[in-house]
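Encoded as structure tokens, the structure appears first; notes follow it.
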Amino acid sequence: MPNIFPEYGQCVHKMVMHPSKPNVLYQQNHCGVYRSDNAGEEWIDIGEGKLPSRFGFPVAVHPMDPRTVYLVLAESDEYRMSVDGRFAVWRSRDEGETWRRLTDGLPEKAHLVVLREAMAIDSFEDAGVYVGTNTGQLFYSRDSGDRWELLADFLPPIYSVEAAVVEE
């Protein structure tokens, strides 16, 4: 939209918060990746000049660290596939000030899309992160995103992924 901060009408792809910091929200929408520190009253662009794309769908927050956020980007609204044909998950450990591209174990050359509900994180300290693709692959990391493995392949397009919450 011409006005990237309209009062209403913005296409929010995904919005999340951490229960220990309910005033801090993260979202991906058509115009970028944003954080609000005041329950959505104002938004800070945490992607401009830091990420290779302004477009994507999923965003998730680490269960034990509300400063750690994950997302998957797409090339653009027009080209909904991995940025530069290289699949990656992006992680920030400082509320979006800096980002790290996570690729260890993910396919290097792949045109994949992860839809808004197709990323989940389990409740362990060293969180498991799960990402499903439009081409039926389910990837997971047992170490908060540092290394990835293929959990399942040849599934139909994955629209949603959930992780069970473990309570002790």
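At a glance:
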read-out	value
Where Glu48 falls short, out of the listed (1) more than 22 Å from His18 (Cα to Cα); (2) under 14 Å from the mean Cα position of the chain (by Cα)	(2)
Matching entry among Gly47, Gly40, Gly56 (being surrounded by 20 or more Cβ atoms within 10 Å (Cβ to Cβ), out of contact with any helix residue (DSSP H, G or I) (no Cβ under 6 Å at 6 or more places or on another chain) and either at pLDDT below 90 or assigned to a loop (DSSP other than H, G, I, E, B) (or both))	Gly47
Among the candidates Arg116, Arg100, Arg93, Arg142, residue that is basic (Lys, Arg) and more than 24 Å from Asp37 (Cα to Cα)	Arg142
Selection within segment 123-163 - among the polar types (S, T, N, Q) and either more than 13 Å from Val89 (Cα to Cα) or over 15 Å from the mean Cα position of the chain (by Cα) (or both)	Ser123, Asn134, Thr135, Gln137, Ser160
Failed item in (1) part of a loop (DSSP other than H, G, I, E, B); (2) acidic (Asp, Glu); (3) closer than 23 Å to Gly47 by Cα, with Glu125 passing the rest	(3)
Selection within segment 75-94 - assigned to a strand (DSSP E or B), touching a residue at least 40 places away in the same chain (Cβ under 8 Å) and not basic (Lys, Arg)	Val89, Ser92
Segment 77-87: number of residues that are surrounded by fewer than 22 Cβ atoms within 10 Å (Cβ to Cβ) and within 15 Å of the chain's Cα centre (by Cα)	3
Some residue of segment 62-70 being at pLDDT 95 or above, in a loop (DSSP other than H, G, I, E, B) and either in contact with a His (Cβ under 8 Å, 6 or more places away or on another chain) or under 21 Å from His111 (Cα atoms) (or both)	yes
In segment 92-113, the residues that are among the β-branched types (Val, Ile, Thr), under 19 Å from Met81 (Cα atoms) and modelled with pLDDT of 95 or more	Thr103
Hits in segment 65-76 (condition: of a type outside the set (S, T, N, Q) and surrounded by 15 or more Cβ atoms within 10 Å (Cβ to Cβ))	Pro66, Arg67, Val69, Tyr70, Leu71, Val72, Leu73, Ala74, Glu75
Contacts under 6 angstrom Cβ, first residue in segment 39-55 being within 15 Å of Val83 (Cβ to Cβ), partner not in a loop (DSSP other than H, G, I, E, B), 6 or more apart	Gly47/Gly32; Gly47/Val33; Pro52/Val83; Ser53/Leu73; Ser53/Val83; Arg54/Gly32; Phe55/Ala74
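Conditions (1) assigned to a loop (DSSP other than H, G, I, E, B); (2) among the aromatic types (Phe, Trp, Tyr); (3) buried (at least 20 other Cβ atoms within 10 Å of the Cβ), marked per residue:
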| site | (1), (2), (3) |
| --- | --- |
| Asp104 | yes, no, no |
| Leu112 | yes, no, yes |
| Leu115 | yes, no, yes |
| Val131 | no, no, yes |
| Ser144 | yes, no, yes |
| Arg147 | yes, no, no |
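The values are calculated or read from the model by the stated rules, or taken from the named source; none is laboratory data. Since the structure is predicted, the reported quantities are computational estimates derived from the model, not experimental observations. Quick reminder, even Gly has a Cβ in these numbers, built from the backbone with ideal geometry, and neighbours come from all protein chains shown.
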